[in-house]
Number of protein chains: 2
Amino acid sequence: MLPRGRPRALGAAALLLLLLLLLIGFFLLGWDPECERLEPDGRAGDLGCSHCPLTPRVPSDGRLRGASALHEDPLAGHGVHNHSACDPQPPLPPKCELLHVAIVCAGYNSSREVITLVKSMLFYRRNPLHLHLVTDAVARNILETLFRTWMVPALGPQISWIPNKHYSGLYGLMKLVLPGVLPPGMTRVIVLDTDVTFASDIAELWALFAHFSDKQVIGLVENQSDWYLGNLWKNHRPWPALGRGFNTGVILLLLDQLRQVGWEQMWKLTARRELLTLTATSLADQDIFNAVIKERPELLQPLPCVWNLQLSDHTLAERCYSEAADLKVIHWNSPKKVRVKNKHAEFFRNFYLTFLGYDGNLLRRELFGCPSQPPPEAEQVKGATFPGLGEPCPLLFWWLPVLLGACPVLALALSRTPQLQRALAQLDEEDACFEFRQQRLTVHRVHITFLPHKPPPPRPHDVTLVAQLSMDRLQMLEALCRHWPGPMSLALYLTDTEAQQFLRFVEASPVLSARQDVAYHVVYREGPLYPVNQLRNVALAQALTPYVFLSDIDFLPAYSLYDYLRASIEQLELGGRRKAALVVPAFETLRYRFSFPSSKAELLALLDAGSLYTFRYHEWPQGHAPTDYARWREAQEPYRVQWAADYEPYVVVPRDCPRYDPRFVGFGWNKVAHIVELDVQDFELLVLPEAFTIHLPHAPSLDISRFRSSSAYRDCLQALKEEFHQDLSRRYGAAALKYLTALQQPHSPA
Amino acid sequence: MLPRGRPRALGAAALLLLLLLLLIGFFLLGWDPECERLEPDGRAGDLGCSHCPLTPRVPSDGRLRGASALHEDPLAGHGVHNHSACDPQPPLPPKCELLHVAIVCAGYNSSREVITLVKSMLFYRRNPLHLHLVTDAVARNILETLFRTWMVPALGPQISWIPNKHYSGLYGLMKLVLPGVLPPGMTRVIVLDTDVTFASDIAELWALFAHFSDKQVIGLVENQSDWYLGNLWKNHRPWPALGRGFNTGVILLLLDQLRQVGWEQMWKLTARRELLTLTATSLADQDIFNAVIKERPELLQPLPCVWNLQLSDHTLAERCYSEAADLKVIHWNSPKKVRVKNKHAEFFRNFYLTFLGYDGNLLRRELFGCPSQPPPEAEQVKGATFPGLGEPCPLLFWWLPVLLGACPVLALALSRTPQLQRALAQLDEEDACFEFRQQRLTVHRVHITFLPHKPPPPRPHDVTLVAQLSMDRLQMLEALCRHWPGPMSLALYLTDTEAQQFLRFVEASPVLSARQDVAYHVVYREGPLYPVNQLRNVALAQALTPYVFLSDIDFLPAYSLYDYLRASIEQLELGGRRKAALVVPAFETLRYRFSFPSSKAELLALLDAGSLYTFRYHEWPQGHAPTDYARWREAQEPYRVQWAADYEPYVVVPRDCPRYDPRFVGFGWNKVAHIVELDVQDFELLVLPEAFTIHLPHAPSLDISRFRSSSAYRDCLQALKEEFHQDLSRRYGAAALKYLTALQQPHSPA
């Protein structure tokens, strides 16, 4: 087998090794030299290899055109039942049969990666799927929130979580223990790497289980890189493998049979033996799978190459896809991932990008005629117990019992709640506020901590800046990071495509990529109105410090504010003695480039010079008048102010403060209502004498322009206000009266 | 057949007619009553109808589960060969076989609609396609530009245009004449309505030609609405049809056979006869197809219902899709289109929305192993001649000869030009300006006149406002419309998804939807840098008046500017005597809400009061200093100014002025270079004494922030400037020297 790709200087030793391998190839494995003759362009001669064509075309004419030439040859004469390659395409599983998929996923980046896989799987699937996710705490936290809010019908009936508290290096071996950790009730499972993309219905892959002979328990696609040929570099000593070896990015496992043949013992023994002479490699489970298969080839059912098209470097994948009528699964197994250099990479990238940017909301498709209730089997999953528990382990596997011990499989029911469905059904399309009420009931997909994040160390007076934004405010982030050195929790309202643009934006910015203490939470766009308070609540819920500074994205805080707030919180004993909201006075500049005041004195000077104003002095003074700027000028100590109608200051409060009222969507009254809640719950309003934050100008948001243009919008906001006050009275009785009275003289904002 | 959907008051007459129809159904057409018994939920009893299941599952197990019960029954005992319904799925056409698709498309809205159809077709297709588009001038202009810039491989080899100069009412009959107007070389074609969406590979539909018996020449899916049953309302008298009739949203035509059986004579005779008793209906061609089929049922090959799932109101489609394992083609044939009320509409809408928002760039996928050269046949298409030409026509068809006479089929070669490919290949990835050069070579998909547009009447001194924008400036449009009552040509840089948001934005705005003289041209996003000058050139090329005002989207012109400019152009005899660029002095406000000056006097007052400034007075004075604002204050007459380095005024010039230099992408120097071009071509720079335009503040664009943050960006811009000047010298020799000298003291723009 000659190496392809860029020519590399091979040492004499390597050359000999190569010849040796070739000889082994011809005589020991009985390779068909015809198949290995390479054309100038490095592609195999078609004649020799296509004993039968490569892969079924969808829909097939009833005949599989055959399995990959790549996997047939090295196994020829090995007693492996690969006649199946030319068998008729087995019938697909019944419309509503539940298919089981296991994925190992750990950390922030894999949690992003896996979503593209899941989207591609859901796009083509026509069966209910049950995901079994082997995760660490990070991935679980992210994915649990995501799937709960995604609410994809017939995904699940539920998702099972197989947590693992160990550092992710060991995730590389998790696939090996799946027969042990997956519930006994499960007989078969498809195991996937997070870096694969589906280009077809996973049921077609599931159907290949039908090809398994009595002895075969594992389905794999042959390796399409030269790794196991050991000719990649001088002294390259891969683990033992059959021919080119097999890739574990896509695995079909017959769980029952694996348990029967004593899989666990088998791979541990092999691994232990090999480890006497070899050192562990980065490929982890794949090495062990291959070593076992080399000893027990009869366990293997080779799968057609299109089911794991490996786009690593120097790949032979082209031999596969150039003959295939269509692709099934693309595997981005190069370290460069989708940036891999492959002369057709752009073609494959398009599949990946299709689902990367695909609006996940569109995958909330029901499956007609399939029951949405979890089948009984799903219940078994819950209480599953695990074989091999507590069994003594060789050194390498010290972690196994712990791991298995840590495996109570937890389940999360998905599917829209009946309450929600009822609420949506009860909406009256003729109601002038229909759009508002519908938006308020919309459950947005939420991807918390979209980027790697280091939670702040627990500190009693620490404070997190909380804000929300959409794409048109991205350029505020760098400045914000310079002004606020502390932790931040930011909710971003984005489409799936924009989420990727945001990712690139952060990667391109040294300032942003340097910050590990900023948590970005992506809330996916849905519906016509901006769900400002739902966004604030997401960011608020994810703040990890005892206090939060509830800000807006267009504001830059004083450079000193972070330290000053923590000092004030400590000094005022907010935690203990008093229940207060600290007011940070707000100002605005009408210039979008100006020199930010480094002190209160400087700020006052700018104010007097007329190049700064108190916030919305021209358009909406009552929003901040109660802060009493005149008093603030002179103030040396925090001073208390009284609530007044339409007051909407920026405040610092304990993390467990009341949430924002999600009924206020779009523009108007969203902060005002929150301050009312604080006041009715007896939060003192304390203005901090040295604190300030400055609003930078920007074009009005679409929602504001819409508000200004539409009287219906204003009327509806009025209606929502009144409902808010009714609820308030219900909850707080007489205490809420003053707000109702205040409402009697309504001013319409801005 | 009982009416379903909302109960309607039926007059006694209608009831009788109904009973009559039922009798005809039972005895004449031999209906199986079993099939017509309706369950409480209005769905047909499954047992009775599913003699064989409904439709193949993809990939099928080799057996079609059967054709629609809907179409089997009415045709039973009619000698129609519909056994095919249960035949094995015929093999798909060979990988590289060219499939022919004909679509009738006229006007602005259909031109938008058809793109979603084409996207869905391209997403699933694996064969080269040849589109035959029957268009009016509007659709052709739009689609020609779109497909040329889309550059989808293996679409075509080329697209054929069958222009029709007649008002679109007649497009309703175009499908009937296709056998006549399509080239004799073509033997079969799939005809599609613009309002269908594919959910599968069109090759599967093409494969159904194999089911046609010797006599069958037309493939259609049965009608799924009650239209032809004539029970929709009192005295509803539809055209004659076989049972429920057949829907012409998806048609398979065997062209040769149709010509042999004398199709043209056949349908004309039938139509003429029916027109004696019936009046033409809105369904147009569908009525005639059905009337012909009623007389000659043997011509028809019924297709499985999944190939034309009709989501009109009171549709029986649910009987189809609830049994189907998967869908093939969804037909939005309700007047409400995708807003149709159907209890599963959301499910189907998701398919539609998938492709509505799908990034069309991702469909630039090559077909492996298929030649990209146009097969010889494609050539025949060019010189095609048309049968029936000049033949005497009955009154209804007076237009036919004209139409046919107007049918020189034109062809447009697609596929990336070799020059472009060479240029792209020659780019050096290590070059610091690689990103810039790549962006400059990017061919963006362009959808001109995205919305309905009324070209301005030809007027010798008329002027079009030309500008470009992206999503974050949409809210400028309403104000701009108020300030500029004349024609505008605006290029929008959007993703496919944003284009739809933009559409909704315009529909929701009374101001915008009232304007027919604003042409919006969508340029689809691709690449990391903002192609500002390419956008300006698109808008400029689409301006239809003799003069253009080259503005930017953040500027609001004086209310009087449009009239004033036309008067000035006339007075200064720009057309004839002098070659000049009229300078419109630029100012800025730093407030994003202020009262716009209604006159020069008011403007000067604001200027003195310090609430207005000359444009970029603080950051980049040299950009406009040469306008000489001091002189402008006093000026009564237009005055000439001299070019100076970095001058970038807003000017009015003839439409055929030099284009913007596309090498300047992102931010910086894009307008400056254009003014240099004007100056070197001896355009006088004349400042108009009463003209002014005012810049409104906005957050800096991402490109600007990037420019400010990255020195590499600045260095690269410097390099591009120098190359620009070298080109200038090459083209203008000594005349270009002064610009090079001016460059020796470069200021980096703000």
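The values are calculated or read from the model by the stated rules, or taken from the named source; none is laboratory data. This structure is a prediction, so every number in the text was calculated from the model and none was measured. Every residue, glycine among them, receives a Cβ derived from its backbone with ideal geometry; neighbour counts consider all protein chains shown. Note: areas computed on protein heavy atoms with side chains; ligands, DNA, RNA excluded. Shrake-Rupley method; radii C 1.70, N 1.55, O 1.52, S 1.80 Å.
The contact residues of region B:589-618, meaning those that lose at least 10 Å² of 1.4 Å-probe accessible area when all protein chains sit together rather than their chain alone, are B:LEU590, B:ARG591, B:TYR592, B:ARG593, B:TYR613, B:HIS618.
Classification of region B:560-716 by its C-alpha gyration tensor yields an oblate form. The axis ratio a/c (a ≥ b ≥ c) is 1.5 or more, and b/c is at least a/b. Only the Cβ atoms of Lys and Arg (+1) and of Asp and Glu (-1) were treated as charged; on that basis the dipole of region B:491-600 about its Cα centre amounts to roughly 340 debye. Averaged over peptide A:356-369, the number of partner chain Cβ atoms lying within 10 Å of each residue's Cβ comes to 4. Between chain B and chain A, the total buried accessible area stands at approximately 5500 Å², from heavy atoms with a 1.4 Å probe.
Listed by chain and number, the aspartates and glutamates whose alpha-carbon sits under 13 Å from that of A:LYS175, ignoring those within fewer than 8 places in the same chain, are A:ASP193, A:GLU264, A:ASP285, A:ASP287. Note on region A:425-519: Rg/Rh from C-alpha atoms, Kirkwood Rh, equals 1.09. Taking a ≥ b ≥ c as the square roots of the eigenvalues of the Cα gyration tensor of region A:493-615, is the shape rounded (a/c under 1.5), prolate (a/b larger than b/c) or oblate? Cα axes put region A:493-615 in the oblate bin. A simple packing score, the average count of other Cβ atoms within 10 Å per residue, orders the peptides A:506-517, A:479-490, A:623-634 as A:479-490, A:623-634, A:506-517, with the highest score first.
Look at the stretch B:528-535: the mean tally of other chain Cβ atoms within 10 Å of its residues' Cβ atoms is 0. Each residue was assigned an accessible area with a 1.4 Å probe, and for A:CYS370 the value is about 20 Å². Peptides A:345-355, B:218-228, B:607-617 ranked from most to least packed give B:218-228, A:345-355, B:607-617, packing being the mean of other C-beta atoms within 10 angstrom over each peptide's residues. Most simply put, region B:196-317 has about 50% antiparallel DSSP beta bridges, counting only bridges with both residues inside it. The residues of region A:173-332 expose, per residue, 26 Å² of accessible area to a 1.4 Å probe. Relative to the other identical copies, B:PRO91 shows label-point distances of 2.5 nm, where the label point lies 7 Å from Cα along the Cβ direction and values run shortest first. Remark: spin-label model distance A:GLN726-B:ALA734 equals 8.6 nm, labels positioned 7 Å along the Cα→Cβ axis.
Burial here means at least 50 square angstrom less accessible surface with every protein chain in place than with the chain by itself, probed at 1.4 Å; in region A:464-488 the buried residues are A:GLN475. Computed from the Cβ-Cβ distance with R0 of 25 Å, the FRET efficiency linking B:LYS337 to B:ARG272 stands at 0.15. Treating each Cα of region B:210-335 as an identical point scatterer and summing with the Debye formula, the log10 of I(q)/I(0) at q = 0.10, 0.14, 0.16 Å⁻¹ comes to -0.32, -0.63, -0.81. Among the residues of B:345-353, the average count of other protein chain beta-carbon atoms within 10 Å of the residue beta-carbon is 3. Of the beta bridges DSSP finds with both residues in region B:579-724, what % are antiparallel, to the nearest 5? So the antiparallel bridges in region B:579-724 amount to around 55 percent. Each principal axis of region A:580-663 carries a Cα extent, and these read 38, 31, 23 Å when sorted largest first.
Just the protein heavy atoms count here, and of the accessible area of region A:474-574 at 1.4 Å, carbon and sulfur take up 52 percent.
Around the Cα centre of region B:419-462, unit charges on the Cβ atoms of Lys, Arg, Asp and Glu (plus for the first two, minus for the last two) sum to a dipole of about 480 debye. For region B:493-641, the relative contact order is 15 percent, taking Cα pairs closer than 8 Å that sit 6 or more residues apart in sequence and dividing their mean separation by the residue count.
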